[in-house]
Amino acid sequence: MAREPRSGGGDRGDRRGRGPDRNAEREPGDELKDKLVTINRVAKVVKGGRRFSFAALVVVGDEKGRVGWGAGKAREVPEAIRKATERAKRTMVRVPMREGRTLHHDVIGEFGAGRVILRAAPAGTGIIAGGPMRAVFETLGMGDVVAKCTGTTNPHNMVKATFAALTRCTSPRAVASRRGKKVSDLLGPRKDAEPAQEAANV
C-alpha cells in the first residue's frame, strides 16, 4: 500500500523555495566594494603538532558613505576571506561627509596601541594615508583626506582606530538638530552672501 505524503513535506518544500528569494532581496549588496587589507597564517598547537589556518582582514564599502570591516579565520584562504567579507557587511556604518568627498572636521581615533589622526582636506588633495587606512577611505568613497598613524602599525588596530575616529564624525546638520538650532546659527552666514549684502547696502 502506497504511503500518503505527509502534510509537513509541502511546507518544508515551500520554506526551501523561499531561500533564494531572501537572497534576491540582498542583491543590492553586490554593489559593495571589498578590499583585502591583510592575510596572515596562524598556527594552533595541538597534541599531534601544529594546525595551520589563515586569518583575513577585509573592509567593505559602497563608496557612498557606508563602510564596515570584518575578520575571518579558516583552513583555506578563500574561506577566510569569505567569512571576513560577510562579517564586514553586517557591521557597516554610515559616515557623514562634506560635499561627498571629505570629513566635516578633524578627529582622533584610538584603539589599543593604535592612534590615528584624520584631517579634512581641500579638493584635489587625494587620499594621503597608509595602507590599511587607505583601504577604508577608498571603500568609503572619500576623495580628500589626510591621515596619520602615530601608534602601532598593526593592521587590525589601525583599522579599528580608524573606525573609532569615523564613528565620532558628525555633520553640522546633526549638531544643529541636537541643539535645537539652525545650521546657519552654527556656521554663520555664507561667505558668498556677504558681497551681495554689501552691494545691496551701497
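Given the peptides 55-63, 123-131, 33-41, arrange them by the average over their residues of other C-beta atoms within 10 Å, most packed first.
55-63, 33-41, 123-131
Kindly provide the trypsin sites (Lys or Arg not before Pro) of segment 71-143 that DSSP labels as loop, not H, G, I, E or B, and whose Cβ sees at most 16 other Cβ atoms within 10 Å.
Filter output for segment 71-143: ARG75.
Per residue, how much accessible surface does segment 33-94 expose to a 1.4 Å probe? Answer in Å², no decimals.
Result: 63 Å² of accessible area for each residue.
Which distance in nm do the two modelled labels at LYS89 and LYS148 give, with both placed 7 Å along the Cα-to-Cβ direction?
About 3.9 nm, to one decimal.
Could you compute the FRET efficiency for GLU99 and ILE39, with r as their C-beta to C-beta distance and R0 at 45 Å, rounded to 0.05?
Here the calculated transfer efficiency is 0.80.
Quick one: Karplus J couplings for segment 98-114, per residue in order, coefficients 6.51, -1.76, 1.60, θ = phi - 60°, nearest Hz, x for Gly and Pro?
7, 6, x, 9, 8, 7, 7, 7, 6, 8, 10, x, 9, 8, x, 8, x
Go through segment 142-157 residue by residue and turn each phi into a ³J(HN,Hα) via Karplus (6.51, -1.76, 1.60, θ = phi - 60°); whole Hz please, and just put x for glycine and proline.
My calculation for segment 142-157 gives 8, x, 9, 6, 10, 10, 9, 9, 10, x, 5, 9, 5, x, 5, 5 Hz in order.
Of LYS89/LYS160; LYS44/LYS89; LYS44/LYS160; LYS33/LYS89, which ones are farther than 19 Å apart at the Cα?
Exceeds cut-off: LYS44/LYS89; LYS44/LYS160.
Given axes a ≥ b ≥ c from the Cα gyration tensor, I'd like to know whether segment 33-94 is rounded (a/c under 1.5), prolate (a/b larger than b/c) or oblate.
Prolate shape, in that a/c is at least 1.5 and a/b is the bigger ratio.
Could you give each residue of segment 80-93 its phi-based ³J(HN,Hα) in whole Hz, using Karplus coefficients 6.51, -1.76, 1.60 with θ = phi - 60°, and x for Gly or Pro?
Each residue of segment 80-93 in turn: 5, 5, 5, 4, 5, 5, 5, 5, 5, 5, 7, 10, 6, 10 Hz.
Can you tell me the order of 138-144, 48-54 when each peptide is scored by its average per-residue count of other Cβ atoms within 10 angstrom, highest first?
By packing density, highest mean first, the sequence is 138-144, 48-54.
Name the long-range amide H neighbours of CYS169: under 5 Å, sequence gap of 5 or more, or other chain; modelled H, no Pro or chain starts.
none
Need one number: convex hull volume per residue for segment 107-183, Cα atoms only, in Å³.
Enclosed volume per residue, from the Cα hull, is 91 Å³.
The values are calculated or read from the model by the stated rules, or taken from the named source; none is laboratory data. Since the model is a prediction, treat every value here as computed from it, not as a measurement. All Cβ positions, glycine included, derive from the backbone under ideal geometry; neighbour counts span all protein chains shown. Calculation scope for accessible area: heavy atoms of the full protein, side chains included, ligands and nucleic acids excluded. Shrake-Rupley method; radii C 1.70, N 1.55, O 1.52, S 1.80 Å.
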